[in-house]
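Engineer: There's a structure below that I have some questions on.
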There are 2 protein chains.
Amino acid sequence: MRISPLIRKLEQFTSLSENDKLRLECAAGEQLDYAPKQDVICQGDRPDHVHLLIEGWACRYKILHNGNRQIMAYLIPGDLCDVHVTLLDAMDHSIGALSACKILMFPKADLADLMLENPQILRALWWSTLVDEAILREWLVNVGGRPSEKRLGHLICEMIHRAGAVGLTTDNTFEMPLTQEELADTMGMSAVHMNRCFHTLRAEGLISTDARRILIHDLERLIAFSGFDPAYLHQVRVVSAQPTHTQMGNVRNRQY
Amino acid sequence: MRISPLIRKLEQFTSLSENDKLRLECAAGEQLDYAPKQDVICQGDRPDHVHLLIEGWACRYKILHNGNRQIMAYLIPGDLCDVHVTLLDAMDHSIGALSACKILMFPKADLADLMLENPQILRALWWSTLVDEAILREWLVNVGGRPSEKRLGHLICEMIHRAGAVGLTTDNTFEMPLTQEELADTMGMSAVHMNRCFHTLRAEGLISTDARRILIHDLERLIAFSGFDPAYLHQVRVVSAQPTHTQMGNVRNRQY
DNA sequence: CGGCTCATTGACCAACGTCAATGCCGGTGG
DNA sequence: CCACCGGCATTGACGTTGGTCAATGAGCCG
């Protein structure tokens, strides 16, 4: 099914009946491709579709008055870009593709109807926005309270957990298709300093990088170094970062 | 009704029938008082009630490994502390009273039932969590991307808008019962530097402070200075910061 | 009056930003 | 095949923002 990454994500929280899954799949409309750096949705838009990312990485961002860009979230396969639009008026931020992305569009009205008649799906989608919110809180903690190297370490810990939960890790390696400048814009620091942070983490023997692939040498040590605690991800049925079979035998779309 | 502040808040988004309001009021249980600095909910708790703040200010916060406190949200009358618990497992952060607070408890199960049988209330509560999330995004932008004086200015702009929406402002004045240290913990800076920021805003003639009361001399100029745009608050039916009657004649609980 | 909390200020220091130069690598056109 | 270019990573030198420490004062309360 095209919506497998979403199902896999929602099933971290609840189980969905075959019927629920089919209804969701049927609500899906057109599928679109986006190139890196292309905008998926712009601030101020009132999209009439809800967008589901099924391949690639994207981000939420805002441009400040001084021209700075602040990235506020990373979206990976299974993440919904804008459940907001079922309830809020206009987008208060933009969504941009970070790598090549495939996006599936759900007509807003159909999804709203589906949620109204199927409380289980509604709860699952609400749950996903609550987890997004928890992640956002942790990002605020990260930017507000941690020194720069731990900030980077913490983000890497988060992303390997999230990527693992949708089957995008092998051993302790995963693709993180981000430039250092994009990471810098995420953590409120300069690209130059971001580079110095990578230097430190490599010098400490915590990670290696190869193009956009990140290898974590000792996840336990990186977690301790960064003060990471995965509780905020609310992965009720956890999928570890180690290579593993996703429970329920749902192993489609493993690409790396 | 004891839940008036909540009703007033939700009616920014949707109108509720008299029946809806009564059902909500009836779902409310015990009311508790908290002293300043007292914890309402601790990280790791699995509360069996949803907490509604009806008087005073509270905050969401986490304590980091290095002992730093990061405040991630301010809660004012009408805000729900933990709708999360209807769906998530355990609290991933704590809630603390900033001033003397009155809190109304809704048994989790009753509220869950009410939402299940009344989609209008469910939508309204979901909307409120989506707005919380939008505010959180803007806080991340604030901490990540703005220089310290604008950070403070921006927060003041936000809080006078939010306080205005629940009738807690008179002219351009409002109570902000926060110490400079608490503000510093909110914006990821030191208390000393927070003080320097206040100094600057006063020197610029933008604000005056008197105990914990803030007077804004020229809101337009403060907004321009801080790069503030209220769109993210999603106040669909806006209540201005000027003295005004809340629409629908709902003017209870104006205390200041 | 004494003790507390909080605001305020100055002196000094560390973290991080800015600027600029260099190198690497993949793509592209001749 | 090679020269050139653009995007990105890397590094050093230097400047600025904001942190730390410590002292002082103002207001409140028993």
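The values are calculated or read from the model by the stated rules, or taken from the named source; none is laboratory data. None of the values given here were measured: they were computed from a predicted structure. Cβ placement follows ideal geometry from the backbone for every residue including glycine, while neighbour counts extend to all protein chains displayed. The protein model used for the area step is the full one, side chains on, heavy atoms only, and it has no ligands, DNA or RNA in it. Shrake-Rupley method; radii C 1.70, N 1.55, O 1.52, S 1.80 Å.
Engineer: Looking at residue A:166 and the list (1) touching a Gly at 6+ places or on another chain (Cβ under 6 Å); (2) farther than 30 Å from residue A:35 by Cβ, which single condition is not satisfied?
Structural biologist: All conditions are met except number (2).
Engineer: Still on this structure: Are there any pairs with C-beta distances below 6 angstrom linking a residue in the range A:179-193 that is at negative phi to a residue that is of a type in the set (A, V, I, L, M) and more than 8 Å from DNA strand C (Cβ to nearest atom), with the two at least 6 apart or on different chains, and if so which?
Structural biologist: A:185/A:71; A:186/A:71; A:187/A:143
Engineer: Would you say residue B:148 is within 24 Å of residue B:231 (Cβ to Cβ) and either within 16 Å of DNA strand D (Cβ to nearest atom) or basic (Lys, Arg) (or both)? Spell out the reasoning first.
Structural biologist: Values: within 24 Å of residue B:231 (Cβ to Cβ): yes; either within 16 Å of DNA strand D (Cβ to nearest atom) or basic (Lys, Arg) (or both): yes.
Taking the combined requirement at face value, the residue satisfies it.
Engineer: Another question about this same structure. Tell me, yes or no, whether the range B:32-49 has at least one residue that is among the β-branched types (Val, Ile, Thr) and within 18 Å of residue A:126 (Cβ to Cβ). Before you say what the answer is, go through the steps one by one.
Structural biologist: Start the filter on the range B:32-49 by keeping residues that are among the β-branched types (Val, Ile, Thr), which leaves B:40-41.
Now drop any that are not within 18 Å of residue A:126 (Cβ to Cβ), which leaves none.
No, because not a single residue in the range B:32-49 is among the β-branched types (Val, Ile, Thr) and within 18 Å of residue A:126 (Cβ to Cβ).
Engineer: Tell me yes or no: at least one residue of the range A:146-156 is farther than 27 Å from residue A:108 by Cβ and among the acidic types (Asp, Glu).
Structural biologist: Step one: filter the range A:146-156 for residues farther than 27 Å from residue A:108 by Cβ, giving A:146-156.
Remaining after also requiring among the acidic types (Asp, Glu): A:149.
Yes, that holds for at least one residue.
Engineer: Here's another thing I want to ask about it. In the range B:197-218, how many are without any contact (Cβ under 8 Å) to a residue 24 or more places away in the chain and either assigned by TED's automatic domain parsing to the domain that holds residue B:74 or not in a loop (DSSP other than H, G, I, E, B) (or both)?
Structural biologist: 6
Engineer: Let me ask you something else. I'd like to verify a number: residues in the range B:118-160 that are open to solvent by 10 Å² or more (accessible area, probe 1.4 Å), more than 9 Å from chain A (Cβ to nearest Cβ) and modelled with pLDDT under 95, how many?
Structural biologist: 2
Engineer: Return a yes/no flag: does the range B:215-227 have any residue that is at pLDDT below 95, within 14 Å of chain A (Cβ to nearest Cβ) and surrounded by 13 or more Cβ atoms within 10 Å (Cβ to Cβ).
Structural biologist: No, because not a single residue in the range B:215-227 is at pLDDT below 95, within 14 Å of chain A (Cβ to nearest Cβ) and surrounded by 13 or more Cβ atoms within 10 Å (Cβ to Cβ).
Engineer: Here's a follow-up. I want to confirm something. Restricting to the range A:76-100 and keeping residues that are among the β-branched types (Val, Ile, Thr) and under 15 Å from the mean Cα position of the chain (by Cα), which single residue is farthest from the other protein chains (Cβ to nearest Cβ)?
Structural biologist: Step one: list which residues in the range A:76-100 are among the β-branched types (Val, Ile, Thr), which gives A:76, A:83, A:85-86, A:95.
Next, from what is left, pick out any that are under 15 Å from the mean Cα position of the chain (by Cα): A:76, A:83, A:95.
Details: A:76: 18, A:83: 8, A:95: 12 Å.
Restricting to residues being among the β-branched types (Val, Ile, Thr) and under 15 Å from the mean Cα position of the chain (by Cα), the top hit is A:76.
Residue by residue, here is whether (1) of a type in the set (Val, Ile, Thr); (2) within 16 Å of DNA strand D (Cβ to nearest atom) holds:
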{"position": "B:173", "(1), (2)": "yes, no"}
{"position": "B:177", "(1), (2)": "no, yes"}
{"position": "B:184", "(1), (2)": "no, yes"}
{"position": "B:195", "(1), (2)": "no, yes"}
{"position": "B:203", "(1), (2)": "no, yes"}
{"position": "B:208", "(1), (2)": "no, yes"}
{"position": "B:212", "(1), (2)": "no, yes"}
{"position": "B:218", "(1), (2)": "no, no"}
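Engineer: Among (1) open to solvent by less than 60 Å² (accessible area, probe 1.4 Å); (2) assigned to a helix (DSSP H, G or I), there is one condition residue A:181 misses while meeting the rest; what is its number?
Structural biologist: Checking residue A:181 against (1) open to solvent by less than 60 Å² (accessible area, probe 1.4 Å); (2) assigned to a helix (DSSP H, G or I), the one that fails is (1).
Engineer: Also, I was wondering about something else. What is the residue count in the range A:154-171 for residues that are in a helix (DSSP H, G or I) and either near DNA strand D (Cβ under 8 Å from one of its atoms) or under 24 Å from residue A:54 (Cα atoms) (or both)? Show your work before the answer.
Structural biologist: As a first pass, look at the range A:154-171 and keep what is in a helix (DSSP H, G or I): A:154-165.
This time we only want the ones that are either near DNA strand D (Cβ under 8 Å from one of its atoms) or under 24 Å from residue A:54 (Cα atoms) (or both), so: A:155-165.
Counting residues in the range A:154-171 that are in a helix (DSSP H, G or I) and either near DNA strand D (Cβ under 8 Å from one of its atoms) or under 24 Å from residue A:54 (Cα atoms) (or both) gives 11.
Engineer: Select from the range B:37-53 the residues that are crowded, with 20+ Cβ neighbours inside 10 Å and touching a residue at least 60 places away in the same chain (Cβ under 8 Å) and list them in ascending order. Steps first, please.
Structural biologist: First pass over the range B:37-53, keeping only residues crowded, with 20+ Cβ neighbours inside 10 Å: B:40-41, B:49-53.
Listed by number, the residues that qualify are B:40, B:50.
Engineer: Please go through the range A:101-117 and pick out each residue that is more than 7 Å from chain B (Cβ to nearest Cβ) and assigned to a helix (DSSP H, G or I).
Structural biologist: Once the filter is applied, which keeps residues that are more than 7 Å from chain B (Cβ to nearest Cβ) and assigned to a helix (DSSP H, G or I), the range A:101-117 yields A:108, A:109, A:110, A:111, A:112, A:113, A:114, A:115, A:117.
Engineer: Would you call residue A:124 among the small types (Gly, Ala, Ser), outside the structural domain of residue A:183 (by TED's automatic domain parsing) and free of Cβ contacts under 8 Å to residues at least 60 places away in the same chain? Don't jump to the end; show me each part of the working.
Structural biologist: On the way: among the small types (Gly, Ala, Ser): yes; outside the structural domain of residue A:183 (by TED's automatic domain parsing): yes; free of Cβ contacts under 8 Å to residues at least 60 places away in the same chain: no.
So residue A:124 fails the test.
Engineer: Being charged (D, E, K, R), more than 12 Å from DNA strand C (Cβ to nearest atom) and either within 14 Å of another protein chain (Cβ to nearest Cβ) or more than 21 Å from residue A:142 (Cα to Cα) (or both) is true for just one of B:175, B:182. Which residue is that? Reasoning before the result, please.
Structural biologist: Numbers: B:182 fails: more than 12 Å from DNA strand C (Cβ to nearest atom).
Only one candidate passes the filter, namely B:175.
Engineer: Right, another one. Does the range B:61-70 include one or more residues that are facing chain A (nearest Cβ under 10 Å), open to solvent by less than 10 Å² (accessible area, probe 1.4 Å) and in a strand (DSSP E or B)?
Structural biologist: Yes, the range B:61-70 contains a residue that is facing chain A (nearest Cβ under 10 Å), open to solvent by less than 10 Å² (accessible area, probe 1.4 Å) and in a strand (DSSP E or B).
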